[in-house]
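Engineer: The following block contains the structure, expressed as C-alpha cells.
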Amino acid sequence: MAHRVVSDADAPPLDPGNLTLDALLHPLGKDAFLETHFRRRAVAVAAASSSERLMLWVRAGGAAPSGEARRWGLPASRSTTALTSVVAEDARSAAALHGAGHALYCRGPPGLEASLVDALLGETSLGLPPRRGAGQLAGHGEVEMFCAREGHVTGWHYDFQENFTVQLRGSKRWRVARSTETHPLRAHSLHFADASVAEDQRKAAGLCHGRDRGAAPSSKKRKRDADDVDEFVLEAGDVLYFPAGLYHEVESLDDDNVSLNVSLVAPSWAEVVTSSLRHCLSSREAFRARATSGPGAADDLRRLLGELKQIVGQLDVDNFTGAILPRACKRNPVIRSDGVRTPYDDSDGDDDSDDDGEFVIDVVNDPEPGGMRPCKLDVNPLYAATMQHEIEDAAEPSWVIINGNYGGSELLEPAVRARLLLGPNLYRKFEAALRAPAGNPETWCVIRGKLGGKLIAHLYHLGFLVKSAGRDRTI
C-alpha cells in the first residue's frame with residue numbers, strides 16, 4: 001500500500017531531534033497509521049523530492065574473491081552462497097568491499113540513533129516506558145545504514161523488530177509477503193551462513209506455532225511471482241514501514257544506493273508478567289530454596305506448584321495491575337539531571353549504556369508533578385528503597401534510590417530505577433515513613449500524611465506507591 005505525496009507544502013518538519021510519525025509518514029498521519037498499519041501491514045510513502053543526505057560508517061559483510069578483498073576469504077558478491085557478516089578493519093577496506101559489489105552496513109551515529117529511536121518509541125508507545133535506557137522493560141532499538149551496489153539482493157527473510165526505512169539515495173525494489181508469524185520471537189533469516197542462527201530461529205518459530213519444528217518455509221523456496229507477493233520500488237526520499245514477521249526481499253537497482261533503517265523492539269507481555277511473578281516468588285523462602293534432583297524433588301516441586309496457583313490468583317487482587325504497570329512505565333517522570341548522567345546520555349559511545357541508566361528527580365526544586373486527589377496509598381510489593389547512608393557515608397544524606405521489580409534479571413537489575421534528590425530534612429521523613437508498620441496506608445496519605453504531596457506524587461508516578469486495596473478513589 002503506497003501513498004503518493006502530491007505536494008509537501010503542508011508537511012510537518014522532518015526534524016531528527018523532534019521526530020513525529022505525522023512528519024515521517026506525511027500525508028498518512030499518525031492516527032491513521034497506528035489504527036490501520038502498525039504491527040499489521042507494510043506501508044510505503046513516496047516523497048515529493050529526493051534526499052541528498054548520505055552517511056556511510058562501514059561495518060561490512062561480503063567480499064569479492066580477488067584483489068584487496070581476497071584476504072577476507074569470502075564468496076563473490078553475486079554468488080548464491082549464504083551471507084557471512086564480517087567487520088571491516090577500516091574505511092579503506094570497507095570501500096574496497098563496497099567497490100567489489102558487496103553491501104555494507106553500520107550503526108548510525110549515537111546522537112542520531114538516540115533521537116530517532118526515542119522519538120519513534122514515544123510515537124508508537126513501544127516499551128515500558130517507551131524510552132531507551134529506562135530499565136529492562138523499556139523499549140529499545142537501533143539505527144543502521146545500508147550501502148549496496150546494483151544487483152545486490154538480500155534474500156527472503158523477516159525480522160522480529162518494527163522497522164522504518166528511509167531511502168536516502170538510489171532505488172531499491174522490495175518484494176513483501178505475509179508470514180504466519182504475528183509476533184515473532186526471532187527473525188527468520190536463513191540467508192546467513194551461521195548454522196547456530198538457523199537452529200535458534202527454527203526453535204523460536206516452533207515455539208510460536210506450538211510444536212517442535214519451525215513452520216516458516218525456507219527463504220530459498222519462495223517464488224517472486226507468487227500470488228501473495230507484492231512488489232514496489234523505493235526512490236530517494238521514500239519511507240517504508242514494515243512490521244515484524246513480514247517476509248521481504250530487497251534488490252538494489254543502482255550502484256550508489258544508501259538507505260537508513262530504524263528498528264524498534266520492546267519486551268513481550270510474557271516477559272513483563274513473568275518478571276513480576278519471579279519477583280513475587282523470590283520473596284518467598286520456599287521458592288528461594290535451591291533446586292535438587294534428590295529423592296524428594298518431585299514432592300517439593302508438586303508442593304511449590306500448588307502454592308504457585310494461589311500466588312497467581314492473587315495477582316488480580318488489590319489492583320495489582322497498577323503495581324506491575326506504574327505510570328513511569330507508560331510515560332517518563334520529570335527529569336532533572338543537574339550534572340548527573342541520565343539514562344539518555346550515550347556520550348560514551350558504549351552500546352551497553354542503555355542498561356545502566358537511572359532517572360534523576362530533584363524533588364525539592366521540581367514543581368511537578370502535582371494536583372493529586374486525596375487518597376491513601378500502600379508500598380508496591382514489587383518495589384524497594386535504598387537509602388544513601390546504606391551505601392556510603394555522608395554528612396548530610398540527601399538521596400534515595402527507588403528500585404522496582406527485580407524479577408527479570410539474574411543480577412537483580414530492576415525494571416524501574418530512580419534517584420530521588422530529597423535534601424536532609426525530607427530524607428529523614430522518608431526514612432521514618434519506611435520504618436512505619438506495614439499495612440498502615442495513613443503513612444502515605446496525600447493529605448495529612450507524614451510526607452509532602454510532591455514527594456508522594458513522584459513515588460506514585462514511579463510505582464513505589466500504589467492505591468490501597470479496596471479503595472475507589474483514583475489519582
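The values are calculated or read from the model by the stated rules, or taken from the named source; none is laboratory data. Remember, it's a predicted structure, so these values are computed and weren't measured experimentally. Glycine gets a Cβ as well: all are built from the backbone with ideal geometry, and neighbour counts include every protein chain shown. With ligands, DNA and RNA removed, areas are computed over all heavy atoms of the protein, side chains included. Shrake-Rupley method; radii C 1.70, N 1.55, O 1.52, S 1.80 Å.
Engineer: For the stretch 140-150, how many residues meet the condition of being open to solvent by 40 Å² or more (accessible area, probe 1.4 Å), in a strand (DSSP E or B) and out of contact with any helix residue (DSSP H, G or I) (no Cβ under 7 Å at 6 or more places or on another chain)?
Structural biologist: Within the stretch 140-150, the first condition is being open to solvent by 40 Å² or more (accessible area, probe 1.4 Å), and the residues that meet it are 140, 142, 146, 149-150.
Those left that are additionally in a strand (DSSP E or B): 140, 142, 146.
Checking which are out of contact with any helix residue (DSSP H, G or I) (no Cβ under 7 Å at 6 or more places or on another chain) leaves us with 146.
Summing the residues that are open to solvent by 40 Å² or more (accessible area, probe 1.4 Å), in a strand (DSSP E or B) and out of contact with any helix residue (DSSP H, G or I) (no Cβ under 7 Å at 6 or more places or on another chain) in the stretch 140-150 gives 1.
Engineer: For the stretch 291-301, check the following and say yes or no: at least one residue is modelled with pLDDT under 65, under 28 Å from residue 382 (Cβ atoms) and acidic (Asp, Glu).
Structural biologist: no
Engineer: Looking at the stretch 121-139, which of the residues that are under 23 Å from residue 360 (Cα atoms) and assigned to a helix (DSSP H, G or I) is least open to solvent (accessible area, probe 1.4 Å)?
Structural biologist: Kept after step one, since they are under 23 Å from residue 360 (Cα atoms), are these residues of the stretch 121-139: 121-122, 125-139.
Narrowing further to those that are assigned to a helix (DSSP H, G or I): 121-122.
On the way: 121: 0, 122: 36 Å².
Per the stated criteria, the residue is 121.
Engineer: Residues that are without any contact (Cβ under 8 Å) to a residue 60 or more places away in the chain and open to solvent by 80 Å² or more (accessible area, probe 1.4 Å): find the strands (runs of 3 or more DSSP E) completely inside the stretch 223-334 holding 1 or more of those.
Structural biologist: Passing ranges, in order: 230-234.
Engineer: Output yes when any residue across the stretch 367-390 is at pLDDT below 90 and over 26 Å from residue 321 (Cβ atoms), and no when none is.
Structural biologist: The answer is yes, given that some residue of the stretch 367-390 is at pLDDT below 90 and over 26 Å from residue 321 (Cβ atoms).
Engineer: Just to be sure, is residue 207 closer than 22 Å to residue 170 by Cβ, hydrophobic (A, V, I, L, M, F, W, C) and either modelled with pLDDT of 90 or more or open to solvent by 30 Å² or more (accessible area, probe 1.4 Å) (or both)?
Structural biologist: So residue 207 does not fit the description; no.
Engineer: If you scan the stretch 7-63, which residues turn out to be of a type in the set (Gly, Ala, Ser), surrounded by 14 or more Cβ atoms within 10 Å (Cβ to Cβ) and either at pLDDT 80 or above or not in a loop (DSSP other than H, G, I, E, B) (or both)?
Structural biologist: 23, 29, 32, 42, 44, 46, 60, 61
Engineer: OK, next. Look at residue 153 and say whether it is of a type in the set (Val, Ile, Thr) and open to solvent by 20 Å² or more (accessible area, probe 1.4 Å).
Structural biologist: yes
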